[in-house]
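Take a look at the structure below.
The values are calculated or read from the model by the stated rules, or taken from the named source; none is laboratory data. From a predicted model like this one, the values you see are computed outputs, not experimental measurements. Heads up, the Cβs are rebuilt from the backbone with ideal geometry, glycines too, and the neighbour counts pull from every protein chain shown. Quick note on the areas: whole protein, heavy atoms, side chains included, nothing else; ligands and nucleic acids left out. Shrake-Rupley method; radii C 1.70, N 1.55, O 1.52, S 1.80 Å.
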Amino acid sequence: KDKAYEWGNTRKGYWRVAGSPILQRALNNQYWESIGLKSLSDRYISLRNIS
């Protein structure tokens, strides 16, 4: 809980925070899939295999 607060109130840029271990653990791929977002790498692979 404390680490989440620290990272949520950091002055670091969004890109740097996105790669943080705390965010990677809290918002993993399953989370993004559960809200309906699709993986770009999976889409790329599927399109590449069609050609």
message: Condition check: out of contact with any Pro (no Cβ under 7 Å at 6 or more places or on another chain) and open to solvent by 100 Å² or more (accessible area, probe 1.4 Å). Does residue 9 satisfy that?
response: no
- request: Among the residues of the range 13-40, write down those that are open to solvent by less than 70 Å² (accessible area, probe 1.4 Å) and assigned to a helix (DSSP H, G or I).
  value: 17, 18, 22, 23, 26
